[in-house]
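The values are calculated or read from the model by the stated rules, or taken from the named source; none is laboratory data. Every value quoted in this text rests on a predicted model; they were computed, and no experiment measured them. Here the Cβ positions follow ideal geometry from the backbone for every residue, glycine too, while neighbour counts run over all protein chains shown. Quick note on the areas: whole protein, heavy atoms, side chains included, nothing else; ligands and nucleic acids left out. Shrake-Rupley method; radii C 1.70, N 1.55, O 1.52, S 1.80 Å.
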Amino acid sequence: MVQTQQHFLVVGFPVQSHLNPTLQFSKRVIALGARVTLLITVSMHCRIIQMPIIEGLTIATYSDGYDDGFKDSTDDSKVKLYLSEFKRLGKQALTNLIASKSNEGNPFTMVIYSLYLSWVAEVARSLHVPSAFLWTQPATVLDIFYYYLRDYTDYIDGQSKDPESKIELPGLPLMKTKDLPSFLQPSNIYAFALPGMDDHFHELGQEVKPIVLVNTFESLESDAIRAVGKLNMIPIGPLVPSALLDGNDPNDKSFGIEIFCRSSGYMEWLDSQPERSVVYVSFGSLSSLSERQTKEIARALVDYGRPFLWAIRDFEVKREEDCEGEAKKEAEGVNCREEETQDDTVKEEEEKNQKKKGEEEGGGWMKGLGEKGKIVNWCSQVEVLSHRAVGCFVTHCGWNSTIESLVSGIPMVAFPQWTDQLTNAKLIEDMWKTGTRVGVNEEGVAESEEIKRCLDVVLGNGETAVKMRSNAEKWKELAREAVKEGGSSHENLRAIVNDFACH
């Protein structure tokens, strides 16, 4: 164990999919004997329904200029304005926090920052505090961005017109244009994304030996981790709760930060289902499906006939507004409320009403769903994926979902939407061979027959399905090996903590 005066400052981008791995990283560092201050925005802090109480963890807040939350994420010009203000205010707050802790005799040992927060490294360097970039997507995706922004811009752009064009990059598997992150696709509408990545590479280039901590593990991406030597990628994942991996903390069953109200009764429902029989469907906290795509999924699930658990956040809108309204009423400055959990019967009644409303307004596309499965607004995904009844995960392939599925040994139907998800789907299908990717029509919609075909590939009794299940079990065991005492990821993180003990 390291000396207790070690103090890490961890700064995460204010969305749940980024905060989950940063919080889990914080837990790991604390387990190695350090203390952590997790710095988040006021807007995110006020959305939190449930905050974990972890010895050694302190939560600090700062304003990003949008204390009521930023709500125009589909407007690129407004996103750029938000990020500019976020950077300006964030740099001020970070400078003040680091200086004040130093003056108190409680300095930070190291600063850890995540995606789109490259300015954190700039501030840390100006104050002579070591920093490391916590990359919460696969190493392969970081390599692709690096190649595109440094030496392969013209090559990749030249191939981009045809989604089936082959892409060959050093140290990476052969890909097609359709496998690249959406920010490199001709259809990309977010101009802020690539400059934000370029800022990261610029800041890393200012360091003699930059440190990039990656939420992956050695055996999963050994080539990609070393493809770009200048990045010095160090695998420290999977960053998922301990109960799913090493079991050192059996109570660590979820990430701990909750910003959505959970539904009730789904774990009991899973308990009543046969082993590996349930199709779990979820598209994460950010992705939003078109009405037609939702109907195609519904039709496929009903026709396929397996029990399913489907998390649809469209039904969460009213409850989420209610939760946020309560937060605003009770929040003063950075002091936010503790959620008073609704009575389970009230929650269930709300879900029934929302479901009925969906049937009436959705042209009846939900008819029959209640007989075959269970629809929820939000659930603890790590608990669901680790349940014996779940046999398949229909996923948008966000990296958190992907790695949670790998850790749980659950085969996937890959249903990528944007960002890194397209590359993750390629890795799932062709590299790790734990799932199959849905095909889409000319309108970009996966039709019900195609979805059913994919479900049968994964859940059937054919040779492919058997191999997928075997591969899923293999990666599950390798992930656990990586994080246990003496494992590659565990030792990598221990080395980082010990190396900066005396700084």
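Near Val394, the amide H atoms lying under 5 Å from its own belong to Tyr280, Val281, Ser282, Val413; only residues 5 or more places off or on other chains count, and H is placed 1.01 Å from N. Scalar couplings 3J(HN,Hα) for region 488-495, obtained by applying the Karplus form with A = 6.51, B = -1.76, C = 1.60 to θ = phi - 60°, are 4, 5, 4, 5, 4, 5, 4, 5 Hz; x denotes Gly and Pro.
Near Ile189: Cβ cut-off under 11 Å, other residues only, Lys/Arg at +1 and Asp/Glu at -1. The net charge is -2. With both labels modelled 7 Å from their Cα along Cα-to-Cβ, the Asn498 to Ile30 distance reads 2.3 nm. In this structure, the pairs whose alpha-carbon distance is over 28 Å, taken from Lys176/Lys452; Lys101/Lys230; Lys71/Lys372; Lys27/Lys80; Lys178/Lys295; Lys87/Lys484, are Lys101/Lys230; Lys71/Lys372; Lys27/Lys80; Lys87/Lys484.
A simple spin-label model places pseudo-atoms 7 Å from Cα toward Cβ; at Ser100 and Thr464 they are separated by 5.7 nm.
Close amide H pairs (under 5 Å, H built 1.01 Å from N) link Lys374 with Phe308, Leu309, Trp310, residues at least 5 positions away or on another chain. Remark: region 374-381, residue by residue, has Karplus-estimated 3J(HN,Hα) of 10, 9, 10, 7, 7, 8, 7, 5 Hz, where x stands for each Gly or Pro and the curve is 6.51 cos²θ - 1.76 cosθ + 1.60 at θ = phi - 60°.
Rolling a 1.4 Å probe over the protein heavy atoms leaves Ser114 with an accessible area of roughly 0 Å².
The trypsin sites (Lys or Arg not before Pro) of region 360-459 that meet both conditions, a loop assignment by DSSP and at most 15 other Cβ atoms within 10 Å of the site Cβ, are Lys367, Arg388.
For Ala60, the amide hydrogen comes within under 5 Å of the amide hydrogens of Leu38, Leu39, Ile40, counting only partners 5 or more places away or on other chains and with H modelled in the peptide plane. Loop-only check: which trypsin sites (Lys or Arg not before Pro) in region 45-116 are DSSP coil with at most 16 other Cβ within 10 angstrom? Loop-located and lightly packed - Lys71.
With all protein chains in place and ligands, DNA and RNA left out, the 1.4 Å accessible area ranks Ile59, Ile53 as Ile53, Ile59, largest first.
In this rough spin-label picture, where each label sits 7 Å from Cα along the Cβ direction, the Tyr190-Lys484 distance is 3.8 nm. In order along region 290-303, the phi-based Karplus estimate (6.51 cos²θ - 1.76 cosθ + 1.60, θ = phi - 60°) of 3J(HN,Hα) comes to 5, 4, 5, 4, 4, 5, 5, 5, 4, 4, 5, 5, 5, 5 Hz; Gly and Pro are listed as x.
On the beta carbon distance between Arg306 and Glu442, with R0 = 35 Å, the FRET formula returns roughly 0.75.
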